[in-house]
Structures are given as structure tokens and as C-alpha cells.
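Engineer: Please read through the structure below; I'll follow up with questions.
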């Protein structure tokens, strides 16, 4: 029988520079099953996609309970490892982050993304590096105490938020990566840049698997592999693409009264099979 420890170790082994783990992020059980059925080696949730599907905006606006419940439902529905995007830990302090980590593991998750941004009335703000180190340390200690080798992917949003002058962002990201790894992170996620030269410098400067956020305009998976990237995800883009297709089809139906936007839809039987245990 496969244990959660086995699954966690399997997920950890998938992070190899040059042969990246490719994650088309899911947002609900159906999308998780579709991603698994398409051949993904693991399922990663999208925090934005999960929030939208549950009627909340992204940015630490979804409560921990509902987010973790989704992780549990996905983990029960798929056979591959599940990693959860937990935003800023759904908590105001390190103790709360630790509580979230324990809940994710209990739900069947074997990995998390933990970002270094806090959302307030003025918008997102980068956490002081010392504060984020404490949050990561608390997450690591909480995971280790369960005996499950949770993969902790520490995210820094310097590029994504455009923090500082452009020429300072690489060194600032590397500084945070070094501190986060020392605090117990297993990998580093740097969304906001897919520039090949920058990615190459990040791979060179980070002594751990590097996760890049990709999408239209980014290098191909093969090109990112050649740069040494270990993990490629697409965040909320798959969710947005699905909702975009739904909006276009609805507008066409309500406007022209035609059905072209429904072409290419998955058939009823396929979806029913995926959600009834069919493989």
C-alpha cells in the first residue's frame, strides 16, 4: 500500500534540473482529474483558480478551511501527488502558517507553495525577509513534526510585483532564495520573469530546484529545460482560459444565438467517466 510518505518522496524526486516537472495548475476536482488524465505526474492547485471557483477573489481572501477542503477533495480524487498553493499561508503569523501546513498534510497534500507577499488595503506588499524566514521555518518544523517530507516551494514575488529597480531584482531574488533555503525551503519559485538570460542566472545562483511561471510568450518547456529549470507551472492561466471559453460561448449564445463557442467541448461521457473513478 502506498503511504503519504511514499507519495511525498515520489513528488520530491520529480524535481530535477533539466527535466522539469510540468504542472498545468488545477482549480477543482474535475480539472485535477483532467490534468491527471492528460499525463501530469502531479497535480498543483492554483490559489487564484481555487478562490475564483469558490466565489472569492485571489489575494488571501479565501479562508483556510475552504482552501484545505479543496486540497482534500483533489487528493482523494487523483492518484498522483498533490501540491497546494497556500498563498501567504492563510495566516497572520508563523504559528498560523504551521497550522495551515499541518492541515494540508492531513488533507493529503505533499507539497506547498508559500509566497512572501501580504495583501492589505493598499494592495500586495513584500514581507520583510526576516519575517518570511520565520514563516518558512515554522512551515518546515510543522511538516517535519508529522514525519511527512513535505516539499516546501518558497516563492518570492520581486519580479512579479516589480519591486525595486530592474537591475536590482536578480540580486534581491537570489538573496531571498538563499535565506529561504537556509530556513528549510526545498525549492524556489520566481514568478514574473521567463527571460532566458535571467532564468539562466537564477538557475546558476540558486542551489535548489527552480520553479518558473510560464505562459504565452515564455520559452517553451524544452527551452526552459535546457536552461536547467526543474519545475514549470502556469498559475491561474488554465483556469482563466476555461472561463474565457465559457464567457465567449455565453456571449455568442446571448448575442448571435449560435453555438460555435461550444465546439470542442468535452463530451458528457468523458467527464462522467473521469469523475466516477474511470481511468
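Bear in mind these aren't lab numbers, they're just calculated from the coordinates by the rules spelled out. No experiment lies behind these values; they were computed from the predicted model shown. All Cβ positions, glycine included, derive from the backbone under ideal geometry; neighbour counts span all protein chains shown.
Engineer: Using the 10 angstrom Cβ neighbour count as an exposure proxy, how do 5, 118, 100 rank, fewest first? Display every interim value, and only then the final one.
Structural biologist: Numbers: 5 13, 118 18, 100 24.
Result, fewest neighbours first: 5, 118, 100.
Engineer: Please work out the Cα center distance from segment 207-260 to segment 63-80, rounded to the nearest Å.
Structural biologist: 22
Engineer: Hey, how many Å between the Cα centroid of segment 112-129 and the Cα centroid of segment 1-44?
Structural biologist: First find each Cα centre; the distance between them is then 26 Å.
Engineer: Once you have the alpha carbon radius of gyration of segment 81-157, what is it after dividing by 2.2 N^0.38 Å, with N set to its residue count? Before the final figure, lay out the partial values.
Structural biologist: Details: Rg = 11.8 Å, N = 77, 2.2 N^0.38 = 11.5 Å.
With N residues counted in segment 81-157, Rg over 2.2 N^0.38 Å equals 1.03.
Engineer: Add -39500 (n - 2.57) for each DSSP H run of 4 or more in the chain, then divide by its residues: what number comes out at 222 nm, to the nearest 500 deg cm²/dmol? Can you show the working numbers first?
Structural biologist: Working: 12 runs with 131 residues, N = 279.
Helices in the chain give a 222 nm mean residue ellipticity of -14000 deg cm²/dmol.
Engineer: Moving on. In percent, what relative contact order does segment 4-235 have, based on Cα pairs under 8 Å that are 6 or more apart in sequence?
Structural biologist: Details: 472 pairs, mean separation 51.4, N = 232.
Averaging sequence separation for qualifying contacts and normalising by length gives 22 percent for segment 4-235.
Engineer: Another question about this same structure. Stokes-Einstein at 4 °C, 1.567 mPa s, Kirkwood radius from Cα pairs: D for segment 55-210 in µm² s⁻¹? Before the final figure, lay out the partial values.
Structural biologist: Values: Rh = 15.9 Å.
The estimated diffusion coefficient comes to 81 µm²/s.
Engineer: How far, in degrees from 0 to 90, does helix 169-182 lean away from the longest principal axis of the Cα atoms of the chain, to the nearest 10?
Structural biologist: For 169-182 against the chain, the angle is about 80 degrees.
Engineer: For helix 94-107, what angle does its Cα long axis make with the longest principal axis of the chain, in degrees from 0 to 90 and rounded to 10?
Structural biologist: 40
Engineer: Taking the 0 to 90 degree range and rounding to the nearest ten, how far is the long axis of helix 129-146 tilted relative to the main principal axis of the chain, both from C-alpha atoms?
Structural biologist: Roughly 70 degrees between the two axes.
Engineer: Given the chain, what percent of its DSSP beta bridges are antiparallel, to the nearest 5? Numbers along the way, then the final one.
Structural biologist: Values: 4 of 26 bridges.
The antiparallel proportion sits near 15 percent.
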